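This report concerns only the one structure given below.
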Amino acid sequence: MPIVRMADSVVAGHTAAAVDDVADEVALGPVTDLARRKRHVVAIGGLELLVIFHRKRFTVVTNRCPHRGGRLDTGHIRWRTLTCPQHAYRYSLVDGRSVAAPGCAAGRGGRLTMIPTRVVDGFLYASLDRYRLAD
Ligand code: FES
């Protein structure tokens, strides 16, 4: 059965009909609000997603660094890359690859978990069908 739900922190007001149109996806919030915030953590059934609006594009990743699991939401964003605040590994916001790390060749920091998204009726949706979400 497809998982269809609103993110825990989404502002109320989006219609159930619109949610039904995008089965297997989760509404993360209105694009205008998410774009204004630049970055925002959305909690969905125990899963934390980091929503980033940078250079007029949304990127959604799980809020855990692939290196050692540090939170990414306070990382530095520059030139379509995100630097983890824990050990400064840097990741591409285009494909999630590790692009550099101090004393470590690119690629050894793992890869961000990129979440596919799309915009429907002014809301940003994340495709989470591969995740089992807690109720
Ligand atoms: S936990 Fe992110 S670089 Fe180590």
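Sort the following peptides by mean Cβ neighbour count (other Cβ atoms within 10 Å, averaged over residues), highest first: 87-96, 37-46.
On the way: 87-96: 18.4, 37-46: 15.9.
Per-residue Cβ counts within 10 Å, averaged per peptide and sorted highest first, yield 87-96, 37-46.
Counting charges near Cys65 (Lys, Arg +1; Asp, Glu -1) among other residues having Cβ under 11 Å from its Cβ returns a value of +4.
Assuming a ≥ b ≥ c are the square roots of the Cα gyration tensor eigenvalues, decide whether segment 50-94 counts as rounded (a/c under 1.5), prolate (otherwise, with a/b larger than b/c) or oblate.
Numbers: a/c = 2.14, a/b = 1.56, b/c = 1.37.
Since a/c reaches 1.5 and a/b is larger than b/c, the shape of segment 50-94 is classed as prolate.
Modelled this way, with points 7 Å down the Cα-to-C-beta line, the labels at Arg78 and Arg37 are 2.5 nm from one another.
Just so you know, all these numbers are worked out from the coordinates, no wet-lab data involved. No experiment lies behind these values; they were computed from the predicted model shown. Methodologically, a virtual Cβ is constructed for each residue, glycine included, from the backbone with ideal geometry; neighbour enumeration extends over all protein chains shown.
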